[in-house]
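Enquirer: Structure in structure tokens, see below.
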Amino acid sequence: MAATNIEIWQQGEIIEISQAANDIKKIVIRQSNPAKADPGSHIDLMVNVDGEMVRRSYSVASQSEDLRDLTLGVFLVPNSRGGSIAVHELAVGDQLDITQPLQNFPLRVGAERYVLIAGGIGVTAIMAMAAVLKRIGANYTLMYAARSKEAMAFREELQAIHGDNLQIFLDEDKNFIQIPELIASLDDNTELYICGPIRLMDAVRRIWLESELENTNLRFETFGASGWYDPEEFIVRIPAKNVEVLVGKQHSMLEALEAAGVDMLSDCRKGECGLCEVRVLSLNGRVDHRDVFYSERQKEQNEKISCCVSRIVTSESGLAADASGPAVVEIVTT
Amino acid sequence: MVAQNLGSTTTTKITNYPLNAWYVAAWDYEVTRKPMSRTIADRPLALYRTEDGKPVALADACWHRLAPLSMGKVVGKDGIQCPYHGIVFNAAGRCISMPAQETVNPSATVPSFPAVQRHRYVWVWLGDPTLADPDTIPNMFQMDHPEWTGDGRTIHADCNYQLIVDNLMDLTHEEFVHGSSIGQAELSESDFTTTHDDTSVTVTRWMKGIYPPPFWKKNLHDVFPGYEGKVDRWQIIRFEAPGTICIDVGVAKADTGAPEGDRSQGVNAFVMNTISPESSKTSHYFWSIQRNYRLESQTITTQMREGVHGVFGEDEVMLRAQQRAIDANPDYEFYNINIDAGGMWVRRLLERQLLKEGRLGTKQEEGWTE
């Protein structure tokens, strides 16, 4: 199952909305031109944020047997760039532009063993994989972590399907995934798929890279939506072009520069390809690197930024209250 | 896909092909550490082996700029390097190295198709990989069983794969196409029976008390030198979806009990055919003739292989001409006669499988995944 990234737009009709957990809505969308959503796929949809149509990506948690209906789980992120708030305001009967399912996180069939790790809302990218592994009788473990029972979407459904293959970890019980022990127990015949908050993904990635395991057996998906710090407004300047732009919480640096008329190059817009690279001239604040393009070494140097996802914050703590004003970065564009 | 298409393929001239199926991509000896290119069911594949000998089938187009990976070279224990910019993919189709950057884009993959070596062939599955069960590979055990031996070749046929299947499901044509080797008038004079189940079709024909045609007279003499009498001749054709046809053929001295199961006074061979569509109008036709007598004789192996090669050359000419005539006469239909029962059941089974895949009646230009 390989990546399918040819965008075909269609109409989606909201046919069901329910509360899947605290701050998480389950949303069922009927496709006008039904296409199959392979495990790990997502759709992009257009929603209205403050009068502006913006594009957001959501994993397909499951699909009806007749392929028509896609189930999403959408987490309300008050400090986010606004997409989730708009999606939470949708109602049954609403129509929106959606893509047919796109695939950047394919499940490979045929590994001897699988470990699936879902953190919080990341479960939506992992659920369909678990369902396929169950169906084909694969050897798999689904590890699902969340803050609390109330914050855990689709828990009962997953328990019913996966039984003993499901392990639940709740912060409120002080029960955490023991990542070093887990990774030490794996061999090169195991593939690990993870989707969750950046801290969880980063912890797994660091320990994995330190191990002898093959890099490619660690599979992850990032929409670049999750960072180390809450998003803040910040100022970006391009001295060579005499440009100064205020990047709002709801926009990326790339979007803000584009809106200001700067001719920018970009491709994936989720921190993978490196094409939107900008070089840092000076920095008053801290870079919240949210990409997977730069290595840890490069991120520590802070010389380059993937401006489609990475942001600037004011202070070490990430709290705007600690700072006197917005962070400022001066850059050179390509 | 739609109800009114039901039944259409039984007379369709160019049949679409199921994708949730195993197809032979190559002979085992063809797939080596030097990558090769072959197109199966419209999918160009790069075929190679890992260091420990496992066959690999990747899409023959690099993720980056679609350069053919088959022009590249193997790297490490299971990798292949794109010949253009040096990007390396592993057997799972995952990028493991990119030039000029310290990380690897997690989205960089090429489709990797399930590939299995069995019966001296490398089989590939191009459809939904979660349905790929190697236990459903057609049974061709005579290909590499200690009590059988033989050899074959590949024909690159300029016709739709269904036309080859039709050809093999009715051997009446031997009388007319292969008159100098295996054809004889009794073929069209003898009765035959047709049976089927969900995935196979069998056509059985016995010609009792006849004189053997030249090919079979020679084979019989390899075991029973000097026998000039009549024989009982059989052809038991078994189709297994979507494109494998194993034909149990032979002759035995007449009235020695062969029709009842005692073949000790005869010679038996299996013509093992498996056809993989390349495009809608070209096919890879892999065949071998296997026998269960005189296993020690390489001479007989070569003679039989070359004999069948000559026979199939006659078919190849006919099939190419037939495909051209089909193309040149788009406004004429196929009609069926009595002898087409086997081929018709095959088309019915394929039609059901295509319906299940939502691909009946159209040759869709679709993506890599179902």
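The values are calculated or read from the model by the stated rules, or taken from the named source; none is laboratory data. On a predicted model such as this, the values are computed, not experimentally measured, just so you know. A quick note on method: Cβ atoms are made from the backbone with ideal geometry, for glycine too, and the neighbour counts reach across all protein chains shown. Surface areas here come from the heavy atoms of the whole protein model, side chains and all, with no ligands, DNA or RNA. Shrake-Rupley method; radii C 1.70, N 1.55, O 1.52, S 1.80 Å.
Enquirer: Name the strands (runs of 3 or more DSSP E) wholly inside the range A:1-82 in which the number of residues that are free of Cβ contacts under 8 Å to residues at least 60 places away in the same chain and within 19 Å of A:Leu96 (Cα to Cα) is 3 or more.
Expert: Ranges flagged: A:41-49, A:52-59, A:69-75.
Enquirer: Then there's this: I'd like the residue in the range B:108-122 that is within 14 Å of chain A (Cβ to nearest Cβ) and part of a strand (DSSP E or B) and, out of all such residues, is surrounded by the most Cβ atoms within 10 Å (Cβ to Cβ).
Expert: In this case the residue turns out to be B:Thr109.
Enquirer: Right, B:Cys95: in a loop (DSSP other than H, G, I, E, B) and open to solvent by less than 10 Å² (accessible area, probe 1.4 Å) or not?
Expert: Judged against the criteria, B:Cys95 is not a match.
Enquirer: Here's a follow-up. So which of B:Thr369, B:Thr301 ends up being surrounded by 12 or more Cβ atoms within 10 Å (Cβ to Cβ) and modelled with pLDDT of 95 or more?
Expert: B:Thr301 is the lone residue from the list that is surrounded by 12 or more Cβ atoms within 10 Å (Cβ to Cβ) and modelled with pLDDT of 95 or more.
Enquirer: Counting residues that are open to solvent by less than 10 Å² (accessible area, probe 1.4 Å) and in contact (Cβ under 8 Å) with a residue 24 or more places away in the chain, which strands (runs of 3 or more DSSP E) fully inside the range B:124-237 reach at least 1?
Expert: Passing ranges, in order: B:149-157, B:200-210.
Enquirer: Condition first: open to solvent by 10 Å² or more (accessible area, probe 1.4 Å) and not in a loop (DSSP other than H, G, I, E, B). Now tell me which residues in the range B:77-87 satisfy that.
Expert: B:Gln81
Enquirer: Got a number for residues in the range B:318-366 being modelled with pLDDT under 90 and among the polar types (S, T, N, Q)?
Expert: 4
Enquirer: Anything in the range A:204-245 that is surrounded by fewer than 18 Cβ atoms within 10 Å (Cβ to Cβ) and hydroxyl-bearing (Ser, Thr, Tyr)? List them, or say none.
Expert: A:Ser211
Enquirer: Restricting attention to the range A:217-235, does a residue exist that is within 14 Å of another protein chain (Cβ to nearest Cβ), in a loop (DSSP other than H, G, I, E, B), free of Cβ contacts under 8 Å to residues at least 40 places away in the same chain and within 26 Å of A:Asn104 (Cα to Cα)?
Expert: no
Enquirer: Look at A:Ala91 and say whether it is in a loop (DSSP other than H, G, I, E, B), surrounded by fewer than 21 Cβ atoms within 10 Å (Cβ to Cβ) and within 14 Å of chain B (Cβ to nearest Cβ).
Expert: Against the criterion (in a loop (DSSP other than H, G, I, E, B), surrounded by fewer than 21 Cβ atoms within 10 Å (Cβ to Cβ) and within 14 Å of chain B (Cβ to nearest Cβ)), A:Ala91 does not qualify.
Enquirer: Related question: Among all residue pairs at least 6 apart or on different chains, which show Cβ distances below 6 Å where the first residue, located in the range A:278-296, is more than 15 Å from A:Glu244 (Cα to Cα) and within 14 Å of chain B (Cβ to nearest Cβ) and the second is surrounded by fewer than 23 Cβ atoms within 10 Å (Cβ to Cβ) and charged (D, E, K, R)?
Expert: A:His289/A:Lys299; A:Ser295/B:Glu102
Yes/no per residue for (1) among the hydrophobic types (A, V, I, L, M, F, W, C); (2) within 14 Å of chain B (Cβ to nearest Cβ):
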| residue | (1), (2) |
| --- | --- |
| A:Asn5 | no, yes |
| A:Ile8 | yes, yes |
| A:Ile15 | yes, no |
| A:Ile29 | yes, no |
| A:Lys36 | no, yes |
| A:Gly40 | no, yes |
